[in-house]
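The values are calculated or read from the model by the stated rules, or taken from the named source; none is laboratory data. All values reported here derive from a predicted model rather than from experimental measurement. Ideal geometry is used to build each Cβ from the backbone, glycine not excepted, and the neighbour counts take in all protein chains shown. Remember, those area values only see protein heavy atoms, side chains included, never the ligands or the DNA or RNA. Shrake-Rupley method; radii C 1.70, N 1.55, O 1.52, S 1.80 Å.
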Amino acid sequence: MREALLTAKEIVKTYHGAQEPVLNQISAEIYQGDFTIIMGPSGAGKSTLLYALSGMDALSSGKVLYRNQELGTLPEKKMAALRAKEFGFVFQQTHLVSNLTLFENVAVAGYLEKGKSEKIVKERAESLLTQMHVEKAGRRLPSEVSGGEAQRAAIARAMINQPGLLFADEPTGALNRKNSEEVLDLLTSLNQEGQSILMVTHDVKAAIRGTRILYLEDGKILDEMPLPPFDVKTAKEREEKVSAWLTVLSW
């Protein structure tokens, strides 16, 4: 039986003045070791669901539990500590600090978890930049590197504290195809090494990297598709299968 890392129980999110909830009684489990994808049409509530599950966005009702801790009941100080240690975040825009080098951007995030020595943080930052294939750009500012290099550095920053769950919101949305493939290769590699990932995407080529796809529409999960671990040899067949499933769902 698979271990549920994060559990949503009948979560609802309604914005003031809106007639319909953005998230409508969603219950779901995110499993340890999975690469879970959230897909759906524009306005379905994909990013809102991601932020709700990470505790970044308050719920109107319902519960989100991470390792059996209910996020909504944690004091802000404990929630901030949980995010720093257990959650990693990668967004469409890198949000790197412009006057810090890539190395400094990664290392600074390492100090958010108390008790780490400077030596340990620096060694892990260097190791991650190497793993993300941007070690040669580590001493450059974000404005001095390509979009793909900046996004890979952002993934390194998200991984600095060895998070239990990595949240990614359209991480390839601002990249060209070559850079997108490089970022997806890294995320796939991380997952196949054991990293749990929850990613929002509208791109089928990104979605096929997952091991499970949740399809969201009108604030509800309409269907899901399990997938075996990604193998580049079967990528075309996998893409055709996912595209056919999405077509049935009128995506």
Has region 176-185 got at least one residue that is within 16 Å of the chain's Cα centre (by Cα), within 29 Å of K233 (Cβ to Cβ) and in contact (Cβ under 8 Å) with a residue 60 or more places away in the chain? no
Filtering region 125-141 down to residues that are open to solvent by less than 60 Å² (accessible area, probe 1.4 Å) and part of a helix (DSSP H, G or I) yields A125, L128, L129, A137
Going through region 139-163 in order, the residues found to be of a type in the set (D, E, K, R) and within 15 Å of the chain's Cα centre (by Cα) are R152, R157
What strands (runs of 3 or more DSSP E), lying completely within region 148-251, carry at least 3 residues that are open to solvent by 40 Å² or more (accessible area, probe 1.4 Å)? 220-226
Within region 96-105, does at least one residue satisfy the condition of being in contact with a Gly (Cβ under 6 Å, 6 or more places away or on another chain), surrounded by fewer than 22 Cβ atoms within 10 Å (Cβ to Cβ) and not in a strand (DSSP E or B)? yes
Against the condition under 19 Å from Q195 (Cβ atoms), open to solvent by 70 Å² or more (accessible area, probe 1.4 Å) and charged (D, E, K, R), how does K85 come out, does it pass? yes
When you scan region 13-67, how many residues do you find that are in contact with an Asp or Glu (Cβ under 7 Å, 6 or more places away or on another chain) and part of a loop (DSSP other than H, G, I, E, B)? 4
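Per-residue answers, yes or no, for (1) open to solvent by 40 Å² or more (accessible area, probe 1.4 Å); (2) on the phi > 0 side of the Ramachandran plot:
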site: R2; (1), (2): yes, no
site: L6; (1), (2): no, no
site: Q25; (1), (2): yes, yes
site: M39; (1), (2): no, no
site: Y66; (1), (2): no, no
site: G72; (1), (2): yes, no
